[in-house]
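The structure appears right after this line, and notes come after that.
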Amino acid sequence: MYTHILIATDGSELAQKGIDHGLSLAKALSAKVTFVMVTEPFPVAAGATASGWVAGPNDISRYEEGQKEFAGGILEKARAAAEKMGIKADVQHLADRWPADAIIEIAEEKDANLIVMASHGRRGLGRLLLGSQTVEVLTHSKVPVLVVR
């Protein structure tokens, strides 16, 4: 059935449910796992305000380094949980990307045959305003997607 499961995380408490569920499934199926965390580009809108402040190279560099450090901690925690269960796991941090696009691309690149990710399950105006990376992955992925709530 599934031999390579890609588990997406953003480091949130909800995403941890996706990690836990994905690891349980991987253990039951003797599948390998790739954990992926995507960090978005520096928010351009935050760099130029009415006061005239514009982000400089040092601001962007500090942001990127902070994102790399944050992702590394989350991914190492996930890898340790997998190892504790006897599951072979790789980690992948994709920086300066939009999550849905990056998740779909890395799943194809790594030949994953299942994507596991969490969703807040927002509806109506909340989903319209906030968008949903999960919906984007569901809509465009060529491999099955398991959504955990």
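Miscellaneous remarks
- Answer residue from the range 106-126, given it is basic (Lys, Arg) and modelled with pLDDT under 95 and is surrounded by the fewest Cβ atoms within 10 Å (Cβ to Cβ) among those: 123
- Among the candidates 7, 74, residue that is part of a helix (DSSP H, G or I) and within 11 Å of the chain's Cα centre (by Cα): 74
- Any hit, the range 79-93, residues being over 15 Å from residue 9 (Cα atoms), at pLDDT 95 or above, over 18 Å from the mean Cα position of the chain (by Cα) and in a helix (DSSP H, G or I): yes
- Some residue of the range 86-105 being among the polar types (S, T, N, Q) and open to solvent by 70 Å² or more (accessible area, probe 1.4 Å): no
- Counted residues, the range 104-121 - those being over 12 Å from residue 5 (Cα atoms) and in contact with a helix residue (DSSP H, G or I) (Cβ under 8 Å, 6 or more places away or on another chain): 4
The values are calculated or read from the model by the stated rules, or taken from the named source; none is laboratory data. These numbers come from a predicted model, not from an experiment. Backbone-built Cβ (ideal geometry, glycine too); neighbour counts: all protein chains shown. The area values use the complete protein model at the heavy-atom level, side chains included, leaving out ligands, DNA and RNA. Shrake-Rupley method; radii C 1.70, N 1.55, O 1.52, S 1.80 Å.
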